[in-house]
Amino acid sequence: MIELKNISKYYNPGSVNELCLFDKFSLTVNDGEFVSVVGSNGSGKTSMLNIICGSIPIDSGNIIVNGTDITLKKDYLRHRRIGRVFQDPSKGTCPSMNILENMSIADNKGKPFDLGRGTNKAKVAYYQELLRPLNLGLEDKMYTQVGSLSGGQRQALSLLMSTMTPVEFLILDEHTAALDPKTAEIIMQLTGKIVKEKKLTTIMVTHNLRYAVEYGNRLVMMHEGTVIMDKSGSDKKAVETEEIMAIFNKISVECGN
């Protein structure tokens, strides 16, 4: 369970450019939930993910995971329990290393470093079996530099790598936004499969309203640092894309856009 309690976050406090992103914002994500988060630009979606992952500090409030307060815990310590996939396919991999090297790094996440070899060739066959179900031919490119792969191939690899070690939470930050429609469908199908098989508590920020409706068992809409819609279970299943779009249009008119 992830709990955000009374989170406040200001940018440029005390200046003429002061911006209040969150003012005592609270949200609870229960174990096993797959939460799709939508909202207009500047609503706080990605900032919320960054706060959970420790990428940005908060001014006040508490971040609690499974009953433990992690508010002051460093981001690299949080990531032992969190898998994260970014919007930019290049952020989840090291482009100058090959697939074997990237997967070896992911496989060693959270383990102590020593003077041993970074890659274990004995695991090549195991890594190939992990890649084969992607149906992208990556299992035959173990020694290919990741920087030469397509965006979709890199994003699929990033998604796989983020869940190679035992993690409890999966954070997806618009992870299909930079992909063409066909590749985005492949990544979303892979996402659904991994979340279901590994029973991960997942938060997915997306601008694709259809994905928000089709995937997950809870839908949250944010606007100006607050939650304006929160539907789960049967209520979430009854939501249609047109309903979400109508709310977006209403907000847009009210904001003068």
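Phi angles across the stretch 92-100 convert, under the Karplus curve 6.51 cos²θ - 1.76 cosθ + 1.60 with θ = phi - 60°, into 3J(HN,Hα) values of x, 9, 9, x, 7, 9, 7, 4, 4 Hz, Gly and Pro given as x.
Could you tell me the calculated FRET efficiency between residue 88 and residue 19, based on Cβ-Cβ distance and R0 = 25 angstrom, to the nearest 0.05? Between residue 88 and residue 19 the formula returns 0.55. Take the Cβ-Cβ distance between residue 207 and residue 11 as r, set R0 to 22 Å, and report the resulting FRET efficiency rounded to the nearest 0.05. After rounding to 0.05, the efficiency reads 0.50.
A probe of 1.4 angstrom, applied to the heavy atoms of all protein chains, finds residue 26 with accessible area near 60 square angstrom. Our estimate of slack between residue 245 and residue 148, defined as 0.36 nm per intervening residue step minus the Cα-Cα distance, is 31.2 nm. Placing +1 on each Lys and Arg Cβ and -1 on each Asp and Glu Cβ, with no other charges, gives the stretch 66-188 a dipole about its Cα centre of roughly 400 debye. Label-to-label distance, residue 69 versus residue 3, with points set 7 angstrom from Cα along the beta-carbon direction: 1.1 nm.
Sorting 183, 206, 28 by accessible area puts them as 28, 183, 206; the probe is 1.4 Å, largest comes first, and only protein heavy atoms count.
The slack in the chain from residue 55 to residue 121, taken as 0.36 nm per residue of separation less the alpha-carbon distance, amounts to 20.4 nm.
In this rough spin-label picture, where each label sits 7 Å from Cα along the Cβ direction, the residue 197-residue 76 distance is 3.0 nm. Here the simple spin-label model places points 7 Å from the Cα toward Cβ, and for residue 108 and residue 237 these points are separated by 4.6 nm. In this structure the amide hydrogen of residue 144, modeled in the peptide plane, comes within under 5 Å of the amide hydrogens of 99, 100, none closer than 5 places in sequence on its chain. Remark: the stretch 30-42, residue by residue, has Karplus-estimated 3J(HN,Hα) of 7, 4, x, 6, 10, 9, 8, 10, 10, x, 6, 4, x Hz, where x stands for each Gly or Pro and the curve is 6.51 cos²θ - 1.76 cosθ + 1.60 at θ = phi - 60°. Residue 79 contributes about 60 Å² of solvent-accessible surface, heavy atoms of the protein only, 1.4 Å probe. In percent, rounded to a whole number, the relative contact order of the chain is 26, using alpha-carbon pairs under 8 Å and six or more apart.
The values are calculated or read from the model by the stated rules, or taken from the named source; none is laboratory data. Keep in mind it's a predicted model, so treat the numbers as computed, not measured. So basically every Cβ, Gly included, is an ideal-geometry build from the backbone, and we count neighbours across all protein chains shown. Heads up: the accessible areas ignore ligands, DNA and RNA and are worked out on the full protein's heavy atoms, side chains in. Shrake-Rupley method; radii C 1.70, N 1.55, O 1.52, S 1.80 Å.
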